[in-house]
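Down below is the structure, laid out as structure tokens.
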Protein chains: 2
Amino acid sequence: MTKRNAFYAQSGGVTAVINASACGLIETARKHKNKIGKVYAGRNGIIGALTEDLIDTSKETARSIAALRHTPSGAFGSCRYKLKGLEEDKAQYERLIEVFKAHDIGYFFYNGGGDSQDTANKVSQIGAKLGYPITCVGIPKTVDNDLPITDNCPGFGSVAKYVAVSIREAAFDVASMAKTSTKIFVMEVMGRHAGWIAAAGGLAAEKKGDAPHIILFPEIVFDKAAFLKRVDQCVKKYGYCAIVVSEGIKNPEGQFLAEAGGRDSFGHAQLGGVAPVVAQMIKDEHGYKYHWAVADYLQRAARHIASKTDVEQAYALGKAAVQLALKGQNAVMPTIVRKSNKPYKWTTGVAKLSAVANVEKMMPKNYITKDGFGITERCRTYLQPLIKGEDYPPYKNGLPQYVVLKNVAVPKKLKKKFTI
Amino acid sequence: MTKRNAFYAQSGGVTAVINASACGLIETARKHKNKIGKVYAGRNGIIGALTEDLIDTSKETARSIAALRHTPSGAFGSCRYKLKGLEEDKAQYERLIEVFKAHDIGYFFYNGGGDSQDTANKVSQIGAKLGYPITCVGIPKTVDNDLPITDNCPGFGSVAKYVAVSIREAAFDVASMAKTSTKIFVMEVMGRHAGWIAAAGGLAAEKKGDAPHIILFPEIVFDKAAFLKRVDQCVKKYGYCAIVVSEGIKNPEGQFLAEAGGRDSFGHAQLGGVAPVVAQMIKDEHGYKYHWAVADYLQRAARHIASKTDVEQAYALGKAAVQLALKGQNAVMPTIVRKSNKPYKWTTGVAKLSAVANVEKMMPKNYITKDGFGITERCRTYLQPLIKGEDYPPYKNGLPQYVVLKNVAVPKKLKKKFTI
């Protein structure tokens, strides 16, 4: 086996643990210097490959690379940039191969969601077609937990933990205040299409009466009357009501609730998220004082409260990607395989990219209670291990110490520029 | 000294560490059983005293009381209920004394902000007047950090840490995405009158270019043009711009920006907070893609990322309150006294309630940079020690284990009911 370089890129929305995958990948590649020369990272994801803007990760110390394990976000930059189909935009794929050829890249590692797995699959095909064989391995990443085959997606477990911890804490607060002040708390979480993240909030409720009392899933058409009735029941029974709402809930007309709120005096669409809409609805009907929060990026960047399981799996998948590539496996993605629930045991497996690409894993129907406002025991059994364990970053002066890499550019070899 | 019972109540908005003060107070009282009989807590704050709804904390195990140290919120319930002036509503004060007399309460501990210190002071006066001497000690608590004399207020340090950690993490996220996607992140924090919490976000910026790039303080009239110009400069220089905005910022007309956004199609006032207003303003002017977050209760309930300094000080003040009372000091409040900055050293001191009551400590002018968008070194020197150290709660199944007390009611002795 000849020694060749590797290319690694981060794609799409970043997470608290995507850098842990990068860490696993780079540390493992460094252990196989006889087979893998340098690991070049794409600056700002695949755009870095197209524009020949590569980062030489060999310029980073072992310590910096190790620190990626506890650093949120995408250390090399990510992008929202989907390559079109092979037929539609062959030039882009040809350009990729051209860049890879110029830098003797024999391994293509792409760390992202469904679209990215599709891209990795296509790069593998075009490479073969153009007579430049390249080993393509996808690495799963998405807070949305919507990739198929793999038991779960790195990034999700940490968001899940953040959401469960946060709603528990906020609910304790509201419970203290409910006698004379706030009785309603609404927390908006990510998940435009699937309710995985909202469901994770349900982990905070371990016994009857625990918060959250209501979860609003994008899978369930929002029933205003039933919802308002349930809110009132909760307040009468528990003194307050804590709600987790997915940003993606829709009304019976199929509109996102977040967008159905109307326009302000300047004619702008409602600026707020769905949390204030839901909170105001309760106020209008029942008059209860409310508070609401929109966690937004805080939830997916919250490395300080990352799930240890999630960090370990993210690292393991980065490592497994290199191991698969070294075994000559092409057009594949390492996966998480659940071996048992109690005790929780897992290992890594492998899936074909063709089976992963562009397939969205939705929440099973039997994960949501019949009334549509909670999670079932089956859902809890699935989710629970994913938030297990803490993996605190190091602190200095009260703040987590996250690494910023040097990100030294690899000298360009091609004369032709490529415009995105 | 005769053995008498103590009354303790939590007041106003709760914090991540007010229960640590309760813990310090109860644990210390339990060590002086020869002087302090039982500690009765007011259910839902002072309302519990007025309605003779007392909680017998002696029914709680030592383990449960110890767990208060790591449990956010108000374990006995709090309330937003301000007693009026002595002349205005003497009946309420007389009722308090009546309840205290019925339960042989010789110590009144009131854990809250400026209003609460005022109430504690008045109870002390009326007690003497009505021939029922009672030792009144206030315990400082407020995330707003606006009490005078004490170096800082328990509750603030933990919010400060949450805000600094969160903006650092979210900014790492935005920096990764900025090439093709989100360039602006706006995080709204509490602080309607004083910018202490917003200022704390500034701790995340340790060197030039670090986020947050802009802080909007309630002390500074919002200058839209200067702000938008600065945002653009940041994006051009750093690729993105991370902003911390206080909920209390006002436009030159003196309106809260959060309320100036207009009305929706149903005629409701703008539901959102100030973060979406500011974010949309940037979008309208520069076209940059934005994300925004409103942390709301999450920030003050976030015991999982509490400041160790804050927890220790909250506990110490609860303990000091009992010690002061046992020394016969009346109408006082224990304080935090800063001995040195580097290394950070502190001790507890004492202030007269009359000097604390209804005095608001604003941020010194020289804590804000001349351009109005950042904090000075002097501010950093003050804030930095307050977020120092981590004090993680215990976890089980991936979730922090917070205690819910039994809160057993003390049998009522008075026949007369009191209506709030």
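No lab work stands behind these numbers, since they all come straight from the coordinates. Being a predicted model, the structure only gives us computed values, none of them experimental. Neighbour counts are summed over all protein chains in view; Cβ atoms, including those assigned to glycine, are modelled from backbone coordinates with ideal geometry.
Structure summary
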| item | result |
| --- | --- |
| Fewest-first sequence of A:Y290, A:Y392, B:Y162 by Cβ atoms within 10 Å of each Cβ | A:Y392, A:Y290, B:Y162 |
| Order of B:R378, B:R230 under a 10 Å beta carbon neighbour criterion, fewest first | B:R378, B:R230 |
| C-alpha long axis of helix B:274-286 to longest principal axis of chain B, angle in ° | 10 degrees |
| Between the range A:148-197 and the range B:16-74, the Cα center-to-center distance that results, in Å | 29 Å |
| Size of electric dipole in the range B:161-264: Cβ of Lys, Arg +1 and of Asp, Glu -1, about Cα centre, debye, nearest 20 | 420 debye |
| Residue pairs, from the table A:K59/B:K208; A:K141/B:K236; A:K38/A:K406; B:K207/B:K339; B:K101/B:K406, whose Cα atoms sit over 18 Å apart | A:K59/B:K208; A:K141/B:K236; B:K207/B:K339; B:K101/B:K406 |
| Copy-to-copy label separations for A:E206, where each label sits 7 Å from Cα toward Cβ, in nm and ascending | 3.5 |
| Chain A - mean residue ellipticity at 222 nm from DSSP helices (-39,500 (n - 2.57) per run, n ≥ 4, rounded to 500) | -10500 deg cm²/dmol |
| Kirkwood hydrodynamic radius (C-alpha pairs) into Stokes-Einstein, chain B, 10 °C and 1.306 mPa s, D in µm²/s | 71 µm²/s |
| The range A:105-215: radius of gyration over Cα atoms, expressed as a fraction of 2.2 N^0.38 Å | 1.57 |
| The range B:156-301, relative contact order [Cα under 8 Å, separation at least 6], % | 30 percent |
| The protein assembly as shown: Cys lacking any partner C-beta under 4.7 angstrom | A:C23, A:C79, A:C136, A:C153, A:C379, B:C23, B:C79, B:C136, B:C153, B:C379 |
| Over chain A, relative contact order from alpha-carbon pairs under 8 Å, at least 6 apart, % | 23 percent |
| Computed label-point distance, nm, for sites A:E88 and B:V404 using a 7 Å Cα→Cβ extension | 5.1 nm |
| Under 13 Å from the Cα of A:K352 - aspartates and glutamates, other chains or at least 8 residues apart | A:D118 |
| Global geometry of the range B:1-76, whether rounded, prolate or oblate, following the gyration tensor of its Cα atoms and the 1.5 cut on a/c | oblate |
| Pseudo-label separations to other copies for B:K396 - Cα-to-Cβ vector, 7 Å, nm | 3.8 |
| Neighbourhood charge, 10 Å Cβ-Cβ cut-off, centred on B:G37 and excluding it, Lys, Arg +1 and Asp, Glu -1 | +4 |
